[in-house]
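What follows is a single structure, written as structure tokens, with notes after it.
Computed from the coordinates by the stated procedures, all read-outs in this text should not be read as laboratory data. This is a predicted model, so every value here is computed, not measured. Positions of Cβ are generated from backbone atoms using ideal geometry, with glycine treated the same way; all protein chains shown enter the neighbour counts.
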Amino acid sequence: MAILALSLSSVPSILLAALGLGFVIFIHELGHFAVAKWCDVNVERFSIGFGPVIWSRTWGETEYALSLIPFGGYVKMLGQDDMDPSQETDEDLAEDPRSYTAKSVPQRMAIISAGVIMNLLTSVLFFLFAFKLGVEFTPAVVGYTLPGDPAWVAGLRTGDEFTQVNGRTGRPLRFIDLRQEIALSSGDVHVKGIRRIYDGVQMTEEDFTTTLVPKTGDIIPTVGVAPSLGMRLPQAAEGEELTVVIPGTAAAKSTPPFEGGDDIVKIDEVDISGYADLQNVLARRRGQEVTFTVKRGKKDETPTTHEIKTPPNYFHTLGLKMDIGPITAIQQRSPATTAKPPLAIDDKITHIISETDGEREVGADLNALELPDYLATLQGQEIKIRVKRSTSGQEESIECTITPDDRPGWTETPMGPSVPLTIPAIGIGYQVMPLVLKVEEGSPAFGEVNRGGKPSFIKSIEFFPPISEGAEPITFDNKSEDPINWAYAFWAMQQHPEAEVVLQISEQDSGQEYTTKKLTPKPRDQMGSEWYLPIRGIPLNMLTERRKAATYSESLSLAYNRTKSSLLEIYLTLRNLATGRVSPKALRGPLGIAETAYHFSEKGLGDLLWFLGLLSVSLAVLNFLPIPVLDGGHMVFLIWEGIRGKPASERVMIAANYVGLCFVLCLMLWVLSLDIFMHLLGWWKM
């Protein structure tokens with residue numbers, strides 16, 4: 001984790017984060033302290049942290065201390081002690097005019113609530129200065145929709161920009177606003193936005209409106225949407241080495257080469273304003289050499305313009321023709337739903353029939369992996385798709401008449417093991433089975449797979465070198481309820497074109513098992529055919545923008561609204577935790593908070609102040625929950641005393657405080673264990 005990487009360059013950010021966290025706690029306790037002094041209460045100790053005192057100094061009647069456990073703080077007043085609640089019912093202490101218990105109920109309410117009020121006030125100040133300095137955020141622009149998930153089913157596309165989410169408006173909205181509305185909603189999420197469309201000639205914009213039905217059962221409700229990439233190539237930090245483009249791809253053959261920090265502004269004659277533009281233009285010109293125009297220059301320099309020529313990028317394959325699996329996902333309002341009859345979940349596509357090519361069998365003739373591109377070439381034509389469909393336990397063959405849209409293939413990629421491969425032109429997602437029907441002559445796998453001349457199953461594929469540190473072989477189990485899609489392994493080959501692979505094979509008829517030698521996937525042009533990727537192998541940074549208020553009055557307005565929104569979001573989070581819609585595993589503890597503070601401080605002072613504003617609001621809300629030993633618990637007892645005219649009995653106070661203390665300690669242990677085992681060590685996979 002970055003917070004543990006204590007390089008010299010990180011020390012200022014770590015110190016800044018630590019000071020910020022300490023300041024938030026200090027402000028809370030200062031509120032209690034100041035109002036207690038104002039009410040003439042004897043404050044015995046003002047401590048930042050809990051547990052054994054590691055430093056203290058006494059000024060006047062108060063001891064100021066730093067304690068060992070830096071997860072909070074406390075103000076110890078005469079007649080008030082969470083560890084000894086009997087003091088609040090002690091008659092001798094109550095007779096001391098400077099004791100906490102000698103003060104009126106309204107005075108004690110003021111003392112107890114002062115910490116929360118101070119946190120809310122300072123959160124506004126944190127946000128105010130954050131907006132004035134400038135805050136980096138990720139716009140609510142779609143970079144990717146997970147095939148089969150709610151966002152994909154609803155028809156969202158790369159580049160869609162949200163302008164309204166459940167009534168929250170603004171352009172640009174932040175991506176975190178979208179995530180929070182989805183995670184904290186109690187039902188459907190209604191969105192509006194703007195979609196950019198490139199038809200091969202010009203860019204146009206159109207409005208869209210749709211409803212997302214969040215998927216529950218995970219840590220938080222999700223719809224399967226990721227933020228957009230930007231147009232800047234990654235740049236190595238000082239002293240670091242970075243491969244600018246993916247080795248073995250077309251980008252690595254560019255002349256002149258790309259450099260870290262390049263900003264893409266144009267492809268050929270088309271101006272590029274976002275990742276969706278880049279994806280659409282490259283997909284439609286996948287078989288052509290293109291010229292990238294980039295802006296290049298250091299931060300304080302005037303950028304220079306450079307033109308970079310990049311050849312087409314071929315798919316790398318082993319020469320395997322795979323069996324197609326069932327349709328597992330269908331988009332709303334897509335050609336699949338308007339087909340006659342409509343395509344259905346669990347249909348298995350067997351043939352494509354068109355005037356252009358006649359009847360083609362999917363599998364041994366038409367590779368299941370090439371279907372997305374093949375159907376895109378038939379856009380605008382009325383074709384027939386023959387499927388096998390199980391009806392009342394009987395399998396029958398059905399022909400569906402359908403007209404594909406003008407949407408290129410392989411622009412929605414299978415980024416997860418069980419994610420379906422999609423055909424954007426007709427709006428479906430399907431499985432590609434790990435069953436090899438045929439091996440092309442002269443291909444890397446010829447003579448290594450289907451040695452007996454019959455179809456065979458791929459049981460696993462292992463990459464050399466591994467596709468990520470510690471990566472295990474990808475294994476396939478046809479009997480699993482959630483089988484791994486072969487398209488996932490195939491896409492991994494495209495992302496690592498120079499890697500070698502080893503396959504473990506099981507013959508379908510004999511059951512004989514064997515392992516192939518190391519195979520090197522070949523680009524399609526070396527196997528006598530043309531099949532082009534819609535990408536060129538150029539990694540890009542995430543899309544970010546910086547929002548900066550022009551005046552302090554604008555900053556104050558933004559800060560006030562941000563504080564209100566944060567309060568609402570925290571209460572909605574607590575509600576969804578209580579109802580089970582959000583999993584407790586989504587919580588972070590002190591280590592997670594410290595790590596997050598560090599990351600924000602790395603971005604700059606404005607971003608750290610933003611985080612401290614969020615933390616201040618969170619501290620205010622959590623401290624005022626009606627839990628004994630917290631400020632909210634004390635307020636409940638004061639309300640009780642105000643109504644009854646006398647405090648709760650010593651027995652009730654002691655019992656409640658012990659229950660509250662036990663709850664708080666258990667909660668702290670829980671979130672600390674999440675920090676260590678789930679986030680730090682990555683044991684969440686277990």
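Taking 27 Å as the straight-line reach from the Cα of residue 103, the lysines in range (excluding those fewer than 8 positions away in the same chain) are 37, 76, 646.
What do you get for GluC sites (Glu not before Pro) in segment 343-447 restricted to DSSP loop and a cutoff of at most 16 other Cβ within 10 Å of the site's Cβ? Can you show the working numbers first?
Working: sites: 355, 359, 361, 370, 382, 395, 396, 399, 412, 440, 441; in loops: 355, 382, 412, 440, 441.
Here the GluC sites (Glu not before Pro) that fit, given the DSSP loop and packing criteria, are 355, 382, 441.
If both residues of a DSSP beta bridge must be in the chain, then about 95% of such bridges are antiparallel. For the pair residue 360 and residue 269, label points projected 7 Å from Cα toward Cβ lie 3.1 nm apart. Helix by helix through the chain, keep the DSSP H runs that span 27 Å or more along the axis on Cα and average at least 1.6 on Kyte-Doolittle, and give those back in order. Helices passing the filter in the chain: 650-673.
For segment 361-418, the square roots of the Cα gyration tensor eigenvalues, ordered a ≥ b ≥ c, give a/c of at least 1.5 with a/b no greater than b/c, which places it in the oblate category. Remark on residue 583: its backbone amide H falls under 5 Å from those of 220, a criterion applied only to residues 5 or more positions apart or on other chains, H modelled at 1.01 Å from N.
Positive end of the charge dipole of segment 124-172 (Lys, Arg +1 and Asp, Glu -1 on Cβ, about the Cα centre): tell me which of 133, 150, 163 has its Cα farthest that way. So the residue we want is 133. Think of the chain as a dipole: +1 on every Lys or Arg Cβ, -1 on every Asp or Glu Cβ, centred on the Cα centre; then among 354, 652, 434, 652 lies furthest on the positive end. Under the combined filter of DSSP loop state and at most 12 neighbouring Cβ atoms within 10 Å, segment 182-240 retains these GluC sites (Glu not before Pro): 238, 240.
Hey, could you get me the Stokes-Einstein D for segment 142-228, Kirkwood radius over alpha-carbon pairs, 10 °C and 1.306 mPa s, rounded to whole µm² s⁻¹? In µm²/s, the coefficient is 121. Only helical runs count toward this figure. For the chain, summing -39,500 (n - 2.57) over DSSP H runs of n ≥ 4 and dividing by all residues gives -10000 deg cm²/dmol at 222 nm. Here the Debye sum runs over all C-alpha atoms of segment 256-312 as equal scatterers in vacuum, and log10 of I(q)/I(0) at q = 0.14, 0.28 Å⁻¹ comes out as -0.38, -1.21. Using Cβ point charges alone (K and R +1, D and E -1), the dipole size of the chain about the Cα centre works out to roughly 800 debye. Each Lys and Arg contributes +1 and each Asp and Glu -1, all at the Cβ; summed about the Cα centre of segment 231-361, the dipole is approximately 200 debye. Which pairs break 19 Å Cα to Cα here: 564/585; 253/522; 266/548; 321/459; 215/348? Violating the 19 Å limit, Cα to Cα: 564/585; 266/548; 215/348. Rounded, prolate or oblate: which fits the chain, taking a ≥ b ≥ c as square roots of the Cα gyration tensor eigenvalues, rounded meaning a/c under 1.5, else prolate when a/b beats b/c? Prolate, since a/c reaches 1.5 and a/b exceeds b/c. Sorted on the mean count of surrounding Cβ atoms within 10 Å across their residues, most packed first, peptides 512-520, 624-632, 531-539, 312-320 read 312-320, 531-539, 624-632, 512-520. Expressed in Å, the radius of gyration and Dmax of the Cα atoms of segment 548-653 are 18.2, 57. Count neighbours as other Cβ atoms within 10 Å of each site's Cβ, and list the GluC sites (Glu not before Pro) in segment 519-608 that are DSSP loop with at most 14 such neighbours. Sites meeting the loop and neighbour criteria: 530.
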